[in-house]
Amino acid sequence: MNNSDLTIVEYLIKHGADVNVSDKYENSIFLLACKNNNLEFIKYLIEHDANINGTDRLGNNGLLISCQNNNLEITKFLVDIGVKINVPNKKGYTPLIKACEMNNIDMVQFLLNHGAEV
């Protein structure tokens, strides 16, 4: 996702497109922005009522995706805006488990400090 994609999404939303529409894998535009580590896109979508707690067909929410991507900046942002922190995906993995898998001590500590359950 790049600036031209954002321009297209801005146009579509301005003309009534549903910001929470999903593809066949249940990826919303918000989840795709999380998967692509695009914080600017994420912020824009939130300003236009994106569902911040939606999940894909595997049960991954944006926070779990940001932890899987090892992106502390997006992880902090999502926690700060209220994305649910302890929601497991269909395999039972939580954002904290993904942060542990990534060996990201700063992310693990951040999640624990913000209510992640062990």
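No lab work stands behind these numbers, since they all come straight from the coordinates. All figures in this text were calculated on a predicted structure; none of them were measured in a lab. Here the Cβ is made from the backbone with ideal geometry for all residues, glycine too, and neighbour counts use every protein chain on show.
Quick notes on this structure:
- Part-to-part distance (alpha-carbon centres) for the range 56-112 and the range 19-52, which is given in Å: 16
- In units of the compact-protein estimate 2.2 N^0.38 Å, the range 45-118 shows a Cα radius of gyration of 1.00.
- Taking 0.36 nm per residue of sequence separation and removing the Cα-Cα distance, the residue 103/residue 86 pair yields an extension gain of 4.3 nm.
- The range 57-106 - percent relative contact order, Cα under 8 Å, separation 6 or more: 44
- Reachable lysines, given that their alpha-carbon falls under 19 Å from the alpha-carbon of residue 43 and they are not under 8 places away in the same chain: 14, 35, 76, 84
- The relative contact order of the chain comes to 19 percent, based on Cα pairs under 8 Å that sit 6 or more residues apart.
- Simple spin-label estimate for residue 49 and residue 113 in nanometres, 7 Å along Cα-Cβ: 3.5
- The range 3-113 - charge dipole about Cα centre, Lys and Arg +1 at Cβ, Asp and Glu -1, debye rounded to 20: 380
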